[in-house]
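Read the figures in this text as sums done on the coordinates, not as results from a lab. This structure is a prediction, so every number in the text was calculated from the model and none was measured. Reconstructed Cβ throughout: ideal geometry from the backbone, glycine too, with neighbour counts over all protein chains shown.
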Amino acid sequence: MKETLLALIVKAASELNLQLEYKIPVERGVEAPLYGQNGVLDSIGLVSLLAAVEQAIEDETGVSITLANERAMSQKRSPFGSIGALAEYAESLIRAGG
Amino acid sequence: MDSPVTMITGTRKGIGKFLVHHYAGRGHQVVGCSRDKLDWALEGYEHYIADVSDELAVKRLFSAVRKNFGRLDNLINNAGIASMNHSILTPASTVQNILNTNVVGTFLVCREGVKLMQRRRYGRIVNFGTVAGPMRLEGEAMYAASKNAVVAFTQILAREVAEFGITCNVVAPTPIETDLIRAVPREKIDRIVNRLAIRRLGRFEDVANVIDFFIRPESDFVTGQTIFLGGV
């Protein structure tokens, strides 16, 4: 599951990179920073990425999840800090039933 | 350019049904929804059963659009309900129904629509307001309040999605001969019409004309605006 999610996120990030001035360093895999400290995304970039990832997860797994919810905002460690953190967070939501 | 994909909500009858025929006739690929089954059909028009205030149903609707069309160019949020009654006689359940369809429904459809539109960095959203707000129409307090909420939402959404190349505007019709006003006494309708600059009931074509303007690709510098019909 984690590998599938990572692949989905890397694909969505690579597609988003085509529109970004400052690219997400997807070659760094799970370490690639997204948003926040050292992140390359601004808030609109993050919104675009999360929407693309939600859609990709739904297409791949049939599960509809909402990544930017209250739980995400209240986490001590931001689930949007890196590709790895986002994959872990998405996996926890899918396991919890979306 | 491929023919645009246009989604219209609330297409079973009235303005929604008219708009389906209007845009299909102009070569759009039209998708629509309503709570109940249609008693009409149009070649090339794809219909879904969905209540716009049901989050899961709206997600499923957009999932189908994404799979079948892969994109969305225009979104016309026509689905809405009205209820004329004096405020002190209006039950909370009526207020909740109005808010669910007009406000929550518009929000959910816009949210999912933007997700689909932003991938191509292009989109046109048209929401529905009413003249009942600026005309301070008695008996339509919560209906007008819900539509004023739609206006406020649209104005701010317009700023949130401008960077995605998406515009959001509102068309605010006068009373039109539809089911929404069929139960309203003629004398009351005449009083409203007489307060307009142009004293007549609205027509479906008047609404379509404003939407035509909002969804033109050339209208990419027009967003967060409300056009009231009839000269309110």
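Please find, within the stretch A:34-48, the residue that is nearest to B:Arg119 (Cα to Cα) out of those that are away from chain B (no Cβ under 11 Å) and surrounded by 21 or more Cβ atoms within 10 Å (Cβ to Cβ). Before the answer, list the steps.
Residues of the stretch A:34-48 away from chain B (no Cβ under 11 Å): A:34-41, A:46.
Remaining after also requiring surrounded by 21 or more Cβ atoms within 10 Å (Cβ to Cβ): A:34-35, A:41.
Details: A:Leu34: 18, A:Tyr35: 19, A:Leu41: 16 Å.
By that ranking, first place goes to A:Leu41.
Which ones in the stretch B:49-60 are within 12 Å of chain A (Cβ to nearest Cβ), among the hydrophobic types (A, V, I, L, M, F, W, C) and either in contact (Cβ under 8 Å) with a residue 24 or more places away in the chain or in a loop (DSSP other than H, G, I, E, B) (or both)? Working first, answer last.
Residues of the stretch B:49-60 that are within 12 Å of chain A (Cβ to nearest Cβ), as a first pass: B:55-60.
So of that shortlist, the ones also among the hydrophobic types (A, V, I, L, M, F, W, C) come out as B:56-58.
Passing the criteria: only B:Val58.
Could you list, in sequence order, all residues of the stretch A:13-68 that are among the acidic types (Asp, Glu) and closer than 19 Å to B:Val65 by Cα?
The first filter runs over the stretch A:13-68 and keeps only residues among the acidic types (Asp, Glu), leaving A:15, A:21, A:27, A:31, A:42, A:54, A:58-60.
Within the stretch A:13-68, A:Glu54, A:Glu58, A:Asp59, A:Glu60 meet the criteria.
Name every residue in the stretch A:1-40 that is free of Cβ contacts under 8 Å to residues at least 24 places away in the same chain and under 11 Å from the mean Cα position of the chain (by Cα), in order of residue number.
A:Ala7
Can you tell me which residue in the stretch A:67-79 is farthest from the other protein chains (Cβ to nearest Cβ), limited to those that are crowded, with 16+ Cβ neighbours inside 10 Å and in contact with a helix residue (DSSP H, G or I) (Cβ under 6 Å, 6 or more places away or on another chain)? If you could, list the steps in order and put the result at the bottom.
Initially, the stretch A:67-79 is screened for residues crowded, with 16+ Cβ neighbours inside 10 Å, giving A:67, A:72, A:78-79.
Next, from what is left, pick out any that are in contact with a helix residue (DSSP H, G or I) (Cβ under 6 Å, 6 or more places away or on another chain): A:67, A:79.
Working: A:Leu67: 12, A:Pro79: 19 Å.
Result: A:Pro79.
Which is among the basic types (Lys, Arg) and buried (at least 20 other Cβ atoms within 10 Å of the Cβ), of B:Lys188, B:Lys147? Steps first, please.
Values: B:Lys188 fails: buried (at least 20 other Cβ atoms within 10 Å of the Cβ).
Every option except B:Lys147 fails the conditions.
Being on the phi < 0 side of the Ramachandran plot and of a type outside the set (S, T, N, Q) is the requirement here; does B:Arg121 meet it? Show your work before the answer.
On the way: on the phi < 0 side of the Ramachandran plot: no; of a type outside the set (S, T, N, Q): yes.
So B:Arg121 does not fit the description; no.
Among what's in the stretch A:51-66 and is surrounded by fewer than 20 Cβ atoms within 10 Å (Cβ to Cβ) and facing chain B (nearest Cβ under 7 Å), pick the residue that is nearest to A:Ile94 (Cα to Cα).
Going through the qualifying residues, I end up with A:Ser64.
For the subset of the stretch B:88-130 comprising residues that are among the small types (Gly, Ala, Ser) and touching a residue at least 40 places away in the same chain (Cβ under 8 Å), which member is farthest from B:Asp36 (Cα to Cα)?
Residues of the stretch B:88-130 among the small types (Gly, Ala, Ser): B:92-93, B:105, B:113, B:123, B:129.
Then drop every residue that is not touching a residue at least 40 places away in the same chain (Cβ under 8 Å), which leaves B:105, B:113, B:123, B:129.
Numbers: B:Gly105: 16, B:Gly113: 21, B:Gly123: 27, B:Gly129: 23 Å.
If we take residues in the stretch B:88-130 being among the small types (Gly, Ala, Ser) and touching a residue at least 40 places away in the same chain (Cβ under 8 Å), then B:Gly123 is farthest from B:Asp36 (Cα to Cα).
Just give me the residues in the stretch B:111-132 being surrounded by fewer than 24 Cβ atoms within 10 Å (Cβ to Cβ) and of a type in the set (D, E, K, R), in sequence order.
Answer for the stretch B:111-132, where residues must be surrounded by fewer than 24 Cβ atoms within 10 Å (Cβ to Cβ) and of a type in the set (D, E, K, R): B:Arg111, B:Lys115, B:Arg119, B:Arg120, B:Arg121.
Which pairs have Cβ atoms under 7 Å, sit 6 or more apart or on different chains, and link a residue in the stretch B:67-87 that is closer than 15 Å to B:Ile215 by Cα to one that is of a type outside the set (Val, Ile, Thr) and assigned to a loop (DSSP other than H, G, I, E, B)?
Every condition considered, the pairs that remain are B:Asp73/B:Pro4; B:Asp73/B:Tyr122; B:Asn74/B:Pro4; B:Asn78/B:Gly10.
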